Amino acid sequence: MRDGKPIITVEQVRKSWGAFTALKDVSITFREGEVVCIIGPSGSGKSTLLRTINRLEKQDTGRIVVDGIELDNDLKHIDAVRAEVGMVFQSFNLFSHKTVLDNITLAPRRVRKWSKEKATQVAFELLERVGLSAHAHKYPAQLSGGQQQRVAIARALAMQPKIMLFDEPTSALDPEMVNEVLLVMRDLAKSGMTMLVVTHEMGFAREVADRVIFFDHGNIVEESDNPQQFFSNPSHPRAQAFLSQIKHAS
Amino acid sequence: MLNKLKDRDSLILVGSVFCLALILWLLALPLSWVPAPIGPAAHQFADAAITTIELTIWSGILGILLGVVAAIGKLSPIPPVRWIADLYVWVIRGTPLLLQILFFYGLSNTAPQLQAPEFWIGVIALSLNVGAYNAEVIRAGINAVARGQVEAARSLGLNSMYTFWDVVLPQAVRISLPPLANNLVALLKDSSLAYTIGVVELTMIYTRVQAESFQPVPVSITTGLVYLVLTTTFTQFASALERKLATGKR
């Protein structure tokens with residue numbers, strides 16, 4: 001998958017809040033079909049990078065091009081990019097007043113202008129895929145965290161995105177529910193989806209990632225095309241310290 | 001359990017509307033059994049109760065619409081729109097309702113083109129009044145919708161209009177419902193001030209019957225009891241609606 005053509009180009013992107021700089025002139029390219037895991041300590045800028053790619057945060061300087069569309073101030077460009085890029089959040093963010101089915105069909109109907117029948121059919125296919133077709137008519141609050149996150153993945157996939165962003169998708173879950181979400185993500189990775197995953201699940205990263213990026217203090221300090229090697233023998237001292245802390249904890 | 005509870009709420013919803021209709025239809029009957037001065041005026045009380053409810057329902061509906069518009073205005077990114085909404089809420093909440101009713105009555109008498117039945121002058125003044133209070137409630141409700149809900153909607157490619165109508169407003173209304181219901185009950189009581197411009201509602205009947213009979217105590221107690229019956233059906237309706245709309249929250 002490392003030979004896919006570039007689908008996201010990030011050039012010299014900087015983002016700060018007051019005196020705090022989350023991204024310090026970060027440049028990186030992501031290729032079609034690639035699964036990239038982004039790791040690093042909290043506040044190192046990994047989530048901010050993800051959020052600039054679909055303009056939930058606007059970069060201060062620098063350039064981002066997604067699937068040939070430049071993320072400038074043109075609202076049409078921003079909406080077009082967002083329609084191609086699915087996002088899964090740490091806190092699921094399902095629409096609490098809508099059923100599972102309505103959560104999934106809303107955007108395809110409004111943005112893609114699909115008929116209700118088509119949107120519903122696609123929604124059930126996706127629910128089948130994440131193993132939740134029996135829960136279509138429930139409200140998010142009636143589901144467990146793991147189930148909610150799987151619905152959130154189905155909701156993002158319903159837009160048939162070219163790229164999926166995962167922002168710590170398992171961090172808010174009870175330990176026994178982490179696996180069911182990782183299983184769905186593993187499946188998605190196998191299907192050839194371009195995935196950018198901010199995660200603390202090192203086992204998942206090691207197994208699924210084509211590339212691992214390590215963030216520290218707003219910079220990419222290490223990048224590896226060989227996750228096995230990266231996890232067993234990282235070269236940057238910050239990555240070494242971080243990974244040993246994590247190993248220590250688990 | 002959940003289904004049973006929801007069914008009970010539906011029953012209360014339908015039941016309270018049915019009760020209100022029944023009360024308005026049959027009110028004259030029990031009142032006619034009461035000795036003078038109430039009995040002979042039973043039909044006047046019954047007709048006036050209908051007028052009071054009509055005033056409340058018309059002003060209530062228009063007041064919600066005004067409240068939504070003013071709340072959106074208050075949150076508008078365009079400064080002049082915000083100023084107009086702020087001015088409206090400031091003036092209405094800072095002056096007595098009685099004065100507002102008298103103002104619109106006076107205004108309608110300044111030119112023949114502005115002439116309108118007292119009932120509709122009352123509706124205009126009451127809905128502008130309750131609209132200002134609703135605006136604050138709905139604005140607070142909009143602000144209380146979790147930020148992640150908006151981010152999820154935007155990340156799916158929904159534009160700001162769809163995000164507002166499909167995601168933010170329904171949740172804001174649900175959050176605002178208890179205080180909105182309070183405002184509606186307050187409106188029912190405030191509608192009594194319309195008697196000053198000649199609307200023949202409950203308080204007007206009080207003044208008439210007590211003036212004829214010189215028995216203010218039994219007449220005011222009767223009027224108060226009719227108001228109590230009406231406000232009670234309203235609060236029952238509102239709390240059942242609130243529980244029903246809270247479904248997704250559980």
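The values are calculated or read from the model by the stated rules, or taken from the named source; none is laboratory data. These numbers were taken from a predicted model, which means no experiment stands behind them. Cβ sites come from the backbone with ideal geometry, for glycine too, and all protein chains shown count toward neighbours. These accessible areas exclude ligands, DNA and RNA; they are computed on the full protein's heavy atoms, side chains included. Shrake-Rupley method; radii C 1.70, N 1.55, O 1.52, S 1.80 Å.
Here is how the numbers come out for the structure above:
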read-out: Per-region count, the range B:76-90, residues of a type outside the set (Ser, Thr, Tyr), surrounded by fewer than 17 Cβ atoms within 10 Å (Cβ to Cβ) and touching a Lys or Arg at 6+ places or on another chain (Cβ under 7 Å); value: 2
read-out: Single residue of the range A:114-130 satisfying the filter (touching a Lys or Arg at 6+ places or on another chain (Cβ under 7 Å) and in contact (Cβ under 8 Å) with a residue 12 or more places away in the chain) that is farthest from A:Val181 (Cα to Cα); value: A:Ala119
read-out: Unmet requirement for A:Thr29, which otherwise passes all of (1) touching a residue at least 40 places away in the same chain (Cβ under 8 Å); (2) within 20 Å of A:Gly192 (Cβ to Cβ); value: (1)
read-out: Test: residue in the range B:148-156 that is surrounded by fewer than 21 Cβ atoms within 10 Å (Cβ to Cβ) and among the hydroxyl-bearing types (Ser, Thr, Tyr); value: no
read-out: Of all residues making up the range B:30-52, the number that are without any contact (Cβ under 8 Å) to a residue 24 or more places away in the chain and over 25 Å from the mean Cα position of the chain (by Cα); value: 7
read-out: Failed item, numbered, when A:Phe166 is tested on (1) hydrophobic (A, V, I, L, M, F, W, C); (2) out of contact with any strand residue (DSSP E or B) (no Cβ under 8 Å at 6 or more places or on another chain); (3) away from chain B (no Cβ under 11 Å); value: (2)
read-out: Some residue of the range A:128-137 being assigned to a helix (DSSP H, G or I), charged (D, E, K, R) and more than 22 Å from A:Leu23 (Cα to Cα); value: yes
read-out: Yes/no for A:Ser42 being touching a strand residue (DSSP E or B) at 6+ places or on another chain (Cβ under 7 Å) and among the hydroxyl-bearing types (Ser, Thr, Tyr); value: no
read-out: Among residues of the range A:141-159, those that are open to solvent by 30 Å² or more (accessible area, probe 1.4 Å) and more than 11 Å from chain B (Cβ to nearest Cβ), counted; value: 4
read-out: Those helices (runs of 4 or more DSSP H) lying entirely in the range A:41-113 with at least 3 residues more than 10 Å from every other protein chain (Cβ to nearest Cβ); value: A:46-53, A:100-110
read-out: Options B:Trp58, B:Trp25; residue that is of a type outside the set (Val, Ile, Thr), within 18 Å of B:Leu187 (Cα to Cα) and open to solvent by 80 Å² or more (accessible area, probe 1.4 Å); value: B:Trp58
read-out: All positions within the range A:59-75 that are touching a residue at least 40 places away in the same chain (Cβ under 8 Å) and surrounded by fewer than 16 Cβ atoms within 10 Å (Cβ to Cβ); value: A:Asp60, A:Thr61, A:Arg63
read-out: Restricting the range B:196-245 to residues that are small (Gly, Ala, Ser) and surrounded by 16 or more Cβ atoms within 10 Å (Cβ to Cβ), the residue that is farthest from B:Tyr105 (Cα to Cα); value: B:Ala240
read-out: In the range B:167-177, the residues that are open to solvent by less than 20 Å² (accessible area, probe 1.4 Å) and facing chain A (nearest Cβ under 7 Å); value: B:Val167, B:Gln171
read-out: Candidates B:Asn134, B:Asn129 - the one that is polar (S, T, N, Q), out of contact with any Gly (no Cβ under 6 Å at 6 or more places or on another chain), surrounded by 22 or more Cβ atoms within 10 Å (Cβ to Cβ) and in contact (Cβ under 8 Å) with a residue 12 or more places away in the chain; value: B:Asn129
read-out: Any hit, the range B:157-164, residues being in contact with a strand residue (DSSP E or B) (Cβ under 9 Å, 6 or more places away or on another chain), within 14 Å of another protein chain (Cβ to nearest Cβ), free of Cβ contacts under 8 Å to residues at least 24 places away in the same chain and not aromatic (Phe, Trp, Tyr); value: yes
